[in-house]
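Written out below as structure tokens is the structure these notes cover.
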Amino acid sequence: MLTHLVTPLLMCIGMGLAYLGAFAHPAPHHLPVAVVGSSRSAQLLAQSINDKAGGDLEVRTVAHRSTAVDQLKHQDIFGAYVPKGDGSGKGRGDSGDGNGQARVSGNAGATGDGRSAGAGNAATPELLVATAASDTSASVVQKIFTPLAAQQGAPLKVTDVAPTADDDPTGQGIFFLLVAISIGSYASVAVIGGAGAVLPIRLRAALAVGTSFVVSLIGTAFAGPVFHLVDHGLWGLWGMAWLYSVGILLIGTGLHTFLKRWTTLGVMALFVMLNFTSSGGIFRPEMQNGFFAALHSFWNGAGFVEGVRSHVYFDGYGLSGHLWTLALWLVVGVLMVGVAALAERRRRSAEAEAAANAAAVAAAAVAATVPEPAPKPVRGPVDDGVEEELEEAVGV
């Protein structure tokens, strides 16, 4: 029993190291932002912010407000500051979310056609953000630029150029959808690998594919009709959910051949400890340390979260790269099942050979310890007569 308690204790240590290591001290690391304007004062402002940030920010200047909006929608930057009195912004329908609407906070509103009031003459300082890319990054950017607006003696107007769905105001519902699909997937690995261990691996792989189909449908139902996390593109979301889930299930099914009772710990390390923390669902890589930021570039959870964001909120920009990430993890799962099949075939051959050798040794041992019966001597007629006389003498 004590040896079996090692597994949950290792889970505790791993979860603590992963979650606290990734989320305990979020801080910007080279977070890209922009100052809108082509004047000398805009360039000096950008340089001043860069110098004070000390590497936390990467501040650039863009000539026009519309350029800043495009970069926000491509996730090249995560905030754009339009100083008071700057006349570089066009402000003509570039703050909309596809329906000519934008979310604007502050004391200035927006017109019905997506034209921000005062954008062309910058009567008040304005901050452009895209909460669909990351609500936490947008909040950090707002905290950075609010004091600058105060120095100009005006409240900061915040315009959200890529708002999230109404029922998912923080945009983190996609992350919790990732959690649900992940748990359904890696928990199924334990069942298929444990209860189905006597089945051929090709049948276990088929069960993994079928289970992933069901898990992805459940996740899509949560995202759409149940909680309304997304309001369009459900078929695309289902496709990414299935790619993500089947990759986990195939990898876990293959690993069970080698890890046995340690499979649960192994898949938790891969698809919970390292996966959730690097997905970008809570903090983007620009808000994390180098280790988790590096994992974000190729881990499957990041591929799912960023793929769904791109598909739902950013018109598919960058979607192909995230789909390739999910597809490569699926290929790894197929290869893992193939390696497991070869290992199990060799193991069965070795066991059959060992059983045959054991049977041969046992037969040889029996032959060596049990003597063969001596041949019965051939008796002649004389011997038979003597035997009859003896029988008559004793009354037999």
Selected from Ala356, Asn300, Gly318, residue furthest toward positive end of dipole (region 270-361; charges at beta carbon): Ala356
Under 5 Å, built H, 5+ apart or other chain: amide partners of Val158: Ser105, Gly106, Leu127
Computed lengthening from Gln43 to Ala359, 0.36 nm per intervening residue step minus Cα-Cα distance: 105.1 nm
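In nm, what is the difference between 0.36 nm times the number of residues separating Trp262 and Val339 and their Cα-Cα distance? Mind showing how you got there, number by number?
Values: separation 77, 0.36 × 77 = 27.72 nm, distance 1.80 nm.
Between Trp262 and Val339, full extension yields 25.9 nm more.
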1.4 Å probe accessible area per residue over region 183-301, in Å²: 39
Residue list for region 288-312, given a label point 7 angstrom along the Cα-to-Cβ vector of Ser139 and an amide N cut-off under 15 Å: 288
Cα gyration tensor category, rounded, prolate or oblate, for region 219-322 with a/c compared to 1.5: oblate
Separation between Cα centres of region 216-262 and region 282-329, rounded to whole Å: 15
Residue-span extension gain [Leu20 to His74] - 0.36 nm each, minus C-alpha spacing: 16.5 nm
Loop chymotrypsin sites (Phe, Trp or Tyr not before Pro), region 217-315, which have at most 13 other Cβ atoms in a 10 Å radius of their Cβ (DSSP): Phe298
Computed accessible area, Asp167, all protein chains, 1.4 angstrom probe, square angstrom: 90
Efficiency of FRET between Val366 and Val179 - r from beta-carbon atoms, R0 56 angstrom, step 0.05: 0.35
Inter-centroid distance (Cα atoms) of region 7-24 relative to region 155-201, Å: 19
FRET efficiency, Leu217 to Leu9 (Cβ-Cβ, R0 41 Å, nearest 0.05): 0.70
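The values are calculated or read from the model by the stated rules, or taken from the named source; none is laboratory data. All of these numbers come straight from a predicted model, not from anything done at the bench. Don't worry about glycine lacking a Cβ; one is built from the backbone with ideal geometry, like all the others, and counts go over all protein chains shown. To get the accessible areas, we keep the full protein, side chains included, count just its heavy atoms, and leave off ligands, DNA and RNA. Shrake-Rupley method; radii C 1.70, N 1.55, O 1.52, S 1.80 Å.
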